[in-house]
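*Asks:* Sharing a structure below in structure tokens format, with a few things to ask.
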Amino acid sequence: MAGYHHGNLRDAILAGAASVISRDGVGGLSLRAVAADIGVSHTAFRRHFGSREGVLNALAVEGNLMLAEQLRGAASAGEFVDVGVAYVRFALANPGHFAVMFRSDLLDNDDPELISARSESLAPLRDGVRALGAADPTATEVAVWGVVHGVATLALTGTLAGALDGPLGAPDRSADVESLARRALSLLQPSG
């Protein structure tokens, strides 16, 4: 990332942190390195976030809100399966955010903003499951979330491509992963 010159410093810090996490993992996040990348003092983090946990919390909140927006868009434009595919698409497009969003061990899980953002991001999945009329909506919700989160995680870690034969080694891997997610989710829909 080029040096920071003007604009929204908070957003620049979050974008820089997401980029580092995407490239190096959460363990590779150095606030000093991000500050150097964007050309600001490392004390800028303290003013905006207080600590490394504050940066991670802000990334998790931002990621959950971005995910909620994508899932709502998919819900209004398509079938329930499209919501699940949008979840996988979000993860593949935003690996830095996705790596942090579900890491309870790194976050302040009592933060009201994080609690609200998490609830907002899961609402389209929950609403879609309820609309399916499943006999056990709670178990179906967990199964759907498990499928999309699992497919996304396996794809991001490279495990999925290495474990399966077929088209996942193709140049457009994200389209193959989305297709796999769509097929897996269709297995969970009640027939009728």
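*Asks:* Quick test for you: out of ALA139, ALA135, pick the one residue that is assigned to a loop (DSSP other than H, G, I, E, B) and of a type outside the set (D, E, K, R).
*Replies:* ALA135
*Asks:* Return the only residue of ALA18, ALA12, ALA36, ALA58 being assigned to a helix (DSSP H, G or I), aliphatic (A, V, I, L, M) and open to solvent by 50 Å² or more (accessible area, probe 1.4 Å).
*Replies:* When all the criteria are applied, what remains is ALA36.
*Asks:* Quick one: would you say ALA44 is at pLDDT 90 or above and buried (at least 16 other Cβ atoms within 10 Å of the Cβ)?
*Replies:* In short, no.
*Asks:* Look at ASN64 and say whether it is closer than 19 Å to HIS149 by Cβ and in contact with a Lys or Arg (Cβ under 6 Å, 6 or more places away or on another chain).
*Replies:* In short, yes.
*Asks:* Pairs needed: first member in the stretch 79-97, farther than 19 Å from ALA117 by Cα; second member anywhere, of a type in the set (Gly, Ala, Ser) and open to solvent by 30 Å² or more (accessible area, probe 1.4 Å); C-beta distance under 7 Å; at least 6 residues apart or different chains.
*Replies:* Qualifying pairs under 7 Å: PHE80/ALA131; VAL81/SER186; LEU92/SER174.
*Asks:* Still on this model: Considering each of GLY158, GLY192, GLY169 in turn, give the residue that is on the phi > 0 side of the Ramachandran plot, open to solvent by 50 Å² or more (accessible area, probe 1.4 Å) and modelled with pLDDT under 90.
*Replies:* The conditions single out GLY192.
*Asks:* Do we have ALA117 as surrounded by fewer than 19 Cβ atoms within 10 Å (Cβ to Cβ) and over 18 Å from VAL20 (Cα atoms) here?
*Replies:* In short, no.
*Asks:* Further question on the same structure: Of everything in the stretch 90-113, what is touching a helix residue (DSSP H, G or I) at 6+ places or on another chain (Cβ under 8 Å), more than 17 Å from SER19 (Cβ to Cβ) and not in a helix (DSSP H, G or I)? Give them in sequence order.
*Replies:* PHE102, ARG103, LEU107, ASP108, ASN109, ASP111
*Asks:* With the requirement that a residue be within 14 Å of the chain's Cα centre (by Cα) and open to solvent by less than 50 Å² (accessible area, probe 1.4 Å), what does the stretch 126-146 give you?
*Replies:* GLY146
*Asks:* Would you check if there is a residue in the stretch 31-48 being within 19 Å of the chain's Cα centre (by Cα) and free of Cβ contacts under 8 Å to residues at least 12 places away in the same chain?
*Replies:* no
*Asks:* If you scan the stretch 59-73, which residues turn out to be aliphatic (A, V, I, L, M) and more than 12 Å from LEU106 (Cβ to Cβ)?
*Replies:* VAL61, LEU65, MET66, LEU67, ALA68, LEU71 - these are the residues of the stretch 59-73 that are aliphatic (A, V, I, L, M) and more than 12 Å from LEU106 (Cβ to Cβ).
*Asks:* Let me ask something else. Checking SER76 against (1) of a type in the set (Gly, Ala, Ser); (2) open to solvent by 40 Å² or more (accessible area, probe 1.4 Å); (3) at pLDDT 95 or above, only one condition comes out false. Which one?
*Replies:* So the condition that SER76 fails would be (3).
*Asks:* Identify the residue in the stretch 1-30 that is among the hydrophobic types (A, V, I, L, M, F, W, C) and at pLDDT below 85 and, among all such residues, is farthest from ALA91 (Cα to Cα).
*Replies:* ALA2
*Asks:* Being open to solvent by 10 Å² or more (accessible area, probe 1.4 Å) and in contact with a helix residue (DSSP H, G or I) (Cβ under 6 Å, 6 or more places away or on another chain) is the filter; apply it to the stretch 63-73 and report the residue that is nearest to VAL100 (Cα to Cα).
*Replies:* Applying the filter and picking the extreme gives LEU65.
The values are calculated or read from the model by the stated rules, or taken from the named source; none is laboratory data. Because the structure is predicted, anything quoted here is derived from the model rather than measured. Because the Cβ atoms are built from the backbone with ideal geometry, glycine has one as well, and the counts that use them run over all protein chains shown. Heads up: the accessible areas ignore ligands, DNA and RNA and are worked out on the full protein's heavy atoms, side chains in. Shrake-Rupley method; radii C 1.70, N 1.55, O 1.52, S 1.80 Å.
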